[in-house]
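Step one of this worksheet: look at the structure below.
The values are calculated or read from the model by the stated rules, or taken from the named source; none is laboratory data. Bear in mind the structure is a predicted one, so any value in this text is a computation, not a measurement. A quick note on method: Cβ atoms are made from the backbone with ideal geometry, for glycine too, and the neighbour counts reach across all protein chains shown. Heads up: the accessible areas ignore ligands, DNA and RNA and are worked out on the full protein's heavy atoms, side chains in. Shrake-Rupley method; radii C 1.70, N 1.55, O 1.52, S 1.80 Å.
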Amino acid sequence: MSHLSSPPPKHKGEHKSHNLPRGSERGSSSREKDRSATVSSSAPMPAGGKASRTSCAPSAPEKTPNRLIHEKSPYLLQHAYDPVDWYPWGQEAFDKAKKENKPIFLSVGYSTCHWCHMMEEESFQNEEIGHLLNEDFVCVKVDREERPDVDKVYMTFVQATSSGGGWPMNVWLTPSLQPFVGGTYFPPEDGLTRVGFRTVLTRIRDQWKQNKNTLLENSQRVTTALLARSEISVGDRQMPPSAATMNSRCFQQLDEGYDEEYGGFAEAPKFPTPVILNFLFSYWLSHRLTQDGPRAQQMALHTLKMMANGGIRDHVGQGFHRYSTDRQWHIPHFEKMLYDQAQLSVVYSQAFQISGDEFYSDVAKGILQYVTRSLSHRSGGFYSAEDADSPPERGMKPKEGAFYVWTVQEVQQLLPEPVGGASEPLTAGQLLMKHYGLSEAGNISSTQDSKGELTGQNVLTVRYSLELTAARFGLDVEAVSTLLNTGLEKLFQARKHRPKAHLDSKMLAAWNGLMVSGFAVTGAVLGMDKLVTQATNGAKFLKRHMFDVASGRLKRACYAGSGGTVEHSNPPCWGFLEDYAFVVRGLLDLYEASQESSWLEWALRLQDTQDRLFWDSRGGGYFCSEAELGADLPLRLKDDQDGAEPSANSVSAHNLLRLHGFTGHKDWMDKCVCLLTAFSERMRRVPVALPEMVRALSAQQQTLKQIVICGDPQAKDTKALLQCIHSIYIPNKVLILADGDPSSFLSRQLPFLSTLRRVEDQATAYIFENQACSMPITEPCELRKLLHQ
């Protein structure tokens, strides 16, 4: 294998030390200093590189569409007018490759991917390159969000045979779907140090014609090696590793990579990594009396505060962008993903539980306000993402961040009002610009804007506390807060008139499950019933539109149709492991927030289906895809890393523990232990790559608290006890409402519930832990004391 571009890039989202979990593996930011890319190969092949930006504007309507015009995926539809003869992933393309003895060119991306847009404009819309592709290859386009199994298999190849990975991912396959060359973004033409896509295509074409047998042999050898390397199995191990040891090692690795000044766990780019923050909060709770416990809490809270003050947070419209291109959380890659909003709303709610600081609860509410406004379907579902690119003005070429950035002149014109009582002449615009760090020259450095597209533009980022800004101008803190909020609202209203970024209106079961958790947990913690109602509407949407009653299976995706309708692909794409794991988690969180047992019942049924479709009865743990669905793929993998999203196996370990707590079914506890044992070697080797699974390991070895409330669900005293529990950070618990009906679903699962009694007809709490039961408790203050022990 050769690397002709120099230097090769660090994997996008890869942390600098200790193999910290990747915040994302999506395509690189347009403002990264190193813009080169690599090709990976099972035989010596050329390399590609990174270059300029692209527009995500639709192709000219007079062009003849290719067969992707019949697809539902927004990403595939973006390529429907390319001159490339694209096929969707499927048997038609595979049969053509075998019949014509041609290699398959597989290109994988997603609709809000900046570098995917760029490669489309530069290469896939180029007539000559399109002719090369059509003449010598069978071209297949895949939306990685629709088919995460395809993406994961070939990303494993790219990462194993090169210095990293990302999107767009471009891989050349044999007609039997075995990879032999792979890379990420390619510029269209050769540069001084980089080989262009046109040259890559001609060299692969020539290699296929002249050395096909060698390519096939190398491909088979690499695939065999990947299969052995990716195997995760119980083997001869009897039990999972020590939770105390894994916790300690995971914390130490995080501590060593922590950025003391700005928070986070890398220099740049920086990702939110909710799985790490979840781990730190859990670690704090179990180590409160040690030196490391408060340290873990401080690391998590400081990171959350710096993120919320930084430009990675949209201070005007709320919600978080995908990642920061710098160490300070200042200049983001502007794409907004549903899964980030879902997980961050939970983490900020937990930060409020732990600290009592309303700063964190306000951030959580802001995230959900953004999701409600911009990522919600009228029927209750949640859209996938908003793009980073949009036209600065109508009719112009899209640019990254155009919707979100501001000039000083714009702010001055929008906020000209004088501020009374200030120690010097001051307008509302000047106050806002001072607080959020805006300047005439712009606050985006040239190193973060190599194309010069953001010259004179500013990203809002909090530079001073309210107290410092107030002191600077001799104003009252409350007055400054009001003025800034009023100013942000005016900017928000003005921004509505700008051309909006592309919305990926695809709705994925997995990400909707995460978002159900976001609304349910935040609503319960903050005592906001309307948020729990939105979680309920999300779950109803999943059951109505993404669940097949006849087979008991989840569908992976559905799509927003015209007039608020919901559409499906035909045939449907069935759900993957992450769809089941994340939806089950959402339903369990929704049950605890709403106490509606129907959601718990559905969660149990979905877990049964998950076990049937994905469980590895030989090696333990869950495969990412059904055996039948991925039959054509050369590998069937188990996800072994908690990254931008938690591993579905990590989430499943938690789900199995909770379901055992809700039902007493020993099979689920046995499966949890088996799963953790299967991942033992991965946890021992790099515990920081699986912080969510390390949390599950701790919960399994420490046992869960069963908290039972006996009472009328609508009575004030019952609600007071429930709210007391929700206000406290207790990650390893199951919360059960016993309403006294012996025929209820939970009473049938846990017969001992029928023996519990209310004290003097008041709502009464019982806590079961380590096979012992607490005394009955009727007062919230007493319950709080006991839960804090």
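Tabulated results
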{"quantity": "Answer residue from segment 416-441, given it is touching a Pro at 6+ places or on another chain (Cβ under 9 Å) and outside any loop (DSSP other than H, G, I, E, B) and is surrounded by the most Cβ atoms within 10 Å (Cβ to Cβ) among those", "calculated": "GLY429"}
{"quantity": "In segment 228-264, residue modelled with the lowest pLDDT [restricted to those that are in contact with a Leu (Cβ under 7 Å, 6 or more places away or on another chain) and open to solvent by 10 Å² or more (accessible area, probe 1.4 Å)]", "calculated": "SER230"}
{"quantity": "Exclusive hit being open to solvent by 10 Å² or more (accessible area, probe 1.4 Å), in a loop (DSSP other than H, G, I, E, B), at negative phi and not assigned by the TED database to the domain that holds SER176, set ARG636, ARG684", "calculated": "ARG636"}
{"quantity": "Single match in SER374, SER349, SER355 (criterion: surrounded by 20 or more Cβ atoms within 10 Å (Cβ to Cβ) and in contact (Cβ under 8 Å) with a residue 24 or more places away in the chain)", "calculated": "SER349"}
{"quantity": "Segment 470-487 residues that are among the β-branched types (Val, Ile, Thr), paired with ones that are surrounded by 14 or more Cβ atoms within 10 Å (Cβ to Cβ) and modelled with pLDDT of 95 or more (beta carbon under 6 Å, 6 or more apart)", "calculated": "VAL477/LEU466; VAL477/ALA470; VAL480/LEU466; VAL480/THR469; VAL480/ALA470"}
{"quantity": "Sole exception among (1) among the charged types (D, E, K, R); (2) touching a strand residue (DSSP E or B) at 6+ places or on another chain (Cβ under 9 Å); (3) open to solvent by less than 30 Å² (accessible area, probe 1.4 Å) for ASP449, by number", "calculated": "(2)"}
{"quantity": "Qualifying position, being surrounded by 20 or more Cβ atoms within 10 Å (Cβ to Cβ), touching an Asp or Glu at 6+ places or on another chain (Cβ under 6 Å) and of a type outside the set (Lys, Arg), among GLY164, GLY196", "calculated": "GLY196"}
{"quantity": "Single residue of segment 772-789 satisfying the filter (of a type outside the set (A, V, I, L, M) and part of a helix (DSSP H, G or I)) that is surrounded by the most Cβ atoms within 10 Å (Cβ to Cβ)", "calculated": "PRO780"}
{"quantity": "Selected residue (criterion: nearest to ASN443 (Cα to Cα)) from residues of segment 397-415 that are open to solvent by 70 Å² or more (accessible area, probe 1.4 Å) and free of Cβ contacts under 8 Å to residues at least 60 places away in the same chain", "calculated": "GLN409"}
{"quantity": "Single residue of segment 528-572 satisfying the filter (among the β-branched types (Val, Ile, Thr) and over 20 Å from MET515 (Cβ atoms)) that is most open to solvent (accessible area, probe 1.4 Å)", "calculated": "VAL549"}
{"quantity": "Candidate set from segment 267-310 (those that are closer than 24 Å to THR245 by Cα and in a loop (DSSP other than H, G, I, E, B)); member that is least open to solvent (accessible area, probe 1.4 Å)", "calculated": "THR273"}
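One line per residue, one yes/no per condition, for (1) at pLDDT below 95; (2) among the β-branched types (Val, Ile, Thr); (3) within 33 Å of the chain's Cα centre (by Cα):
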| position | (1), (2), (3) |
| --- | --- |
| HIS114 | yes, no, yes |
| ASP143 | no, no, yes |
| GLU146 | no, no, yes |
| ALA160 | yes, no, yes |
| ASN211 | yes, no, no |
